[in-house]
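Student: Let me give you the structure first, and then I'll get to my questions.
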Amino acid sequence: MKRLTALLATAAPLLALAACSRSAEPPTQFGFNPKLPAPKQFLLPPMGIANPVGWDRTGAGAAPTVPPGFMVQAFAKGLNSPRNVLALPNGDLIVASSGGPNMEPNLRPKSFIFQWLMNTSHGGERGAAAGENTLILLRDTNHDGVADQTVVLAKDLPSPFGLAWANGTLYVGMTDSVWRYPYAPGQTALGPGSLVTDLPGGPIDHHWTKSITLSPDGSKLYAGVGSNSNIVENGLEAEHGRAMIWEVDPATGAKREFATGLRNPNGLTFYPGTQTLYAVVNERDELGNNLVPDYLTSVRPGAFYGWPWSWYGRNVDVRVHPQRPDMVAKAVIPDYSLSTHVAPLSIAFLKGGTFPAHYQGGAFIGEHGSWDRNVLNGYQVAFVPFVNGRPTGTPETFLGGFTTGKGRDVHGRPVGLAFGPDGALYVADDAGNTVWRVSWTGKGGT
Amino acid sequence: MDRHVFRPRIAVGGVPIHAMLVPFPIVCFTGALLTDLAYAASAEVQWTNFSQWLLLFGTLFAGLAALFGLIDLFSVPSERRPAIGLWHMGLNLVLFVVAFINNLVHARDGWTSVVPTGLTLSIITVLLLIVSGHLGHRLAYRHVVRDRTDDPARTPEEDRP
């Protein structure tokens, strides 16, 4: 009977919550010490699934917005779900155009519903998933800010995402491995590659993007591997080698765990001129509109960041059983909150180049955008100022206008970022099937 | 006419469709309680997955059974409609709502898909099943079976569908 009263006491407010949690307060959860509300458990979690409509629906030439003094151009349009960009020293871009591996089995009624909902929010997902997982070379021979040569370097790769280049070698982070290809800038064909190391891929492969980067001296390679679930609902045994950043010796393929407890780490990038690795991390869902904030953090070697047992330090997640107080006690608090569910997937640090002083030393973050929120959040390239090599203040919208303001229609969704040798910022927009080029005109603004 | 006469309207070969469908939710909801208990005891994810499918099909078949039950109940004139049938209906309506909510609770990720709310709702569902099932059987045996044997005015032919 006690059980029954307890249940009725929980069920009634839950129902009320599900019914009236339409309006979410605007996120004020930026920086070092984000305000963390109490976690909630829902009958229906807050949801707002974006509906990509492309850029040409509102007339040709529609483009994201930039701060005064900047110019945005469609560097390449009509691509198929471009996820990531790599700028080469000669100004060419390599684009990873990819879809998820689609090997997640529908083990529960919920996964059928989620699969259907999520497929609607990725413009090119189905086309790409059908086998078009390519690396594309984009070249702007006349330097007008629009690519005039497009070459397919490789196709039918296993969901390529991570890209890195150094000393005549191109590294590609596939969903199940890292591969190396001999490649000199200027080449318009890619020879056969070779395996560097395996990474956890299938089965399931829930978070499939493998972000990679090289240490400043090129001697080590780092690969981010996301979790195989939201919060271990596929069992802890499905998480071996996941939710962590691996340190790989590119010469031998030997690897070790570099940092763990990172639910879905992406955007692996060293801060220019330092040995400090940064990553952006997608935190867990279904605890509320304003939980848990995604974050930008420097990654301390050997550190544990909480997933799955806790978030933001020692906030215990009751959905994980058995609990592990010993692991919760070890959990490190990340550096900088980007606010909730923005889905950050990339970092580009600015050092030098052509942008004004305001942006020097700061981080540009590609925010793919939320689904676990009544009000859309993210859907922009954010700028996080750095002072003394540390993220500071609140993020600014650098590249905006991805949302249309009409319901949940969005033009596109930004993912990968790269600064070219020309000083321009290149942005992969997967749902918009475009690579954008943002350059400083030197006139007005900041 | 005997005030007890109550015959199901929709039947196949003399067996009401409602009676053919009710075993599905009974088995599914009872099974879901067992798999919930197994999950609570082991934290093995596959048990909560089983619970979720059992709850889904239990709820679907409960809805289908309810549809035929309602037709049977409301196709007889109200003066001949047994009160026990209305109790059976009311309890099952509560059961259906509880089971529906339980589907949503089980759609959560991880431990709290079952413990404590999901398991509690599964226990309540099965308790309601026992009471409403008992009422349903009394309805069938007292008001249908007995009427067929006790009514001297009826010939055996009339009992055929």
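Student: Mind putting a number on the dipole of the protein assembly as shown about its Cα centre? Charges go on the C-beta only, +1 for Lys and Arg and -1 for Asp and Glu, and I need it in Debye to the nearest 20.
Tutor: Dipole size: approximately 1180 debye.
Student: Quick one: go through the stretch A:341-372 and flag any residue whose amide nitrogen is under 19 Å from the point 7 Å out along the Cα-to-Cβ line of A:ASN388.
Tutor: So the set is A:360-363.
Student: Rounded to the nearest 20 debye, what is the charge dipole size of the stretch B:11-159 about its Cα centre when +1 sits on each Lys and Arg Cβ and -1 on each Asp and Glu Cβ?
Tutor: About 220 debye.
Student: Within 10 Å, count the other beta carbons around each residue, average over each peptide in A:222-234, A:375-387, and list them highest first.
Tutor: Ranked by mean Cβ neighbours within 10 Å, highest first: A:222-234, A:375-387.
Student: Nearest 5 percent is fine: what portion of the DSSP beta bridges confined to chain A is antiparallel?
Tutor: 95
Student: Is the shape of the stretch A:48-440 rounded, prolate or oblate, going by the alpha carbon gyration tensor and its root eigenvalues a ≥ b ≥ c, with a/c under 1.5 for rounded and a/b larger than b/c for prolate?
Tutor: Rounded shape, in that the Cα axes give a/c under 1.5.
Student: Need the list of aspartates and glutamates near A:LYS351 for cross-linking: C-alpha distance under 16 angstrom, and skip anything on the same chain fewer than eight residues off.
Tutor: Output for A:LYS351: A:ASP422.
Student: May I ask for the net charge around A:PRO45, where only other residues with Cβ less than 10 Å from the Cβ of A:PRO45 are counted and Lys, Arg are +1 while Asp, Glu are -1?
Tutor: Once positives and negatives cancel, what remains is -1.
Student: Partner chain Cβ atoms within 10 Å, averaged over the residues of A:305-314 - can you pull that number for me?
Tutor: 0
Student: Along the charge dipole of chain B, which of B:GLY90, B:GLY133, B:PHE57 sits closest to the positive end, that is, farthest toward it, with unit charges on the beta carbon of Lys, Arg, Asp and Glu (+1, +1, -1, -1)?
Tutor: B:GLY90
Student: A follow-up question, please. Suppose only helical runs count, i.e. DSSP H with n ≥ 4. What mean residue ellipticity at 222 nm does that imply for chain A under -39500 (n - 2.57) per run, divided by all residues and rounded to the nearest 500 deg cm²/dmol?
Tutor: -2500 deg cm²/dmol
Student: Do any of A:LYS110/A:LYS220; A:LYS40/A:LYS330; A:LYS77/A:LYS443; A:LYS155/A:LYS330; A:LYS35/A:LYS255; A:LYS35/A:LYS330 go past 32 Å between their Cα atoms, and which?
Tutor: A:LYS110/A:LYS220; A:LYS155/A:LYS330; A:LYS35/A:LYS255
Student: Can you find, among B:VAL27, B:GLY14, B:SER113, the residue farthest towards the positive end of the dipole of the stretch B:11-159? Put +1 on the C-beta of Lys and Arg, -1 on that of Asp and Glu.
Tutor: It is B:SER113.
Student: Test of understanding: what is the full-extension gain from A:GLU396 to A:MET118, defined as 0.36 nm times their sequence separation minus their Cα-Cα distance?
Tutor: 97.3 nm
Student: Here's a follow-up. Shape call for the stretch B:23-134 from the C-alpha gyration tensor, a ≥ b ≥ c root eigenvalues: rounded (a/c under 1.5), prolate (a/b greater than b/c) or oblate?
Tutor: Verdict is prolate for the stretch B:23-134.
Student: Below 11 angstrom from the Cβ of A:SER298, what's the summed charge of the other residues (Lys, Arg +1; Asp, Glu -1)?
Tutor: Residues near A:SER298 contribute +1 overall.
Student: Over the whole of A:235-241, what's the average partner chain Cβ count within 10 Å per residue? Rounded to a whole number, please.
Tutor: Across the residues of A:235-241, the mean count of other-chain Cβ atoms within 10 Å is 1.
Student: While we're here: Count charges around A:HIS143 for me, please; just the other residues with Cβ under 13 Å from its Cβ, Lys/Arg as +1, Asp/Glu as -1.
Tutor: -3
Student: Ok, one more. Can you find, among A:ASN290, A:PRO421, A:ILE113, the residue farthest towards the positive end of the dipole of the stretch A:48-440? Put +1 on the C-beta of Lys and Arg, -1 on that of Asp and Glu.
Tutor: Checking the options against the dipole of the stretch A:48-440, the answer is A:ASN290.
Student: Here's a follow-up. What residues have an amide H closer than 5 Å to that of A:ASN133, excluding those fewer than 5 places away on the same chain, when H is modeled at 1.01 Å from N in the peptide plane?
Tutor: Amide H to amide H, under 5 Å and 5 or more residues apart or across chains, A:ASN133 pairs with A:ASP156, A:LEU157.
Each value in this text was obtained by applying a stated rule to the coordinates, not by laboratory testing. Keep in mind it's a predicted model, so treat the numbers as computed, not measured. Glycine gets a Cβ as well: all are built from the backbone with ideal geometry, and neighbour counts include every protein chain shown.
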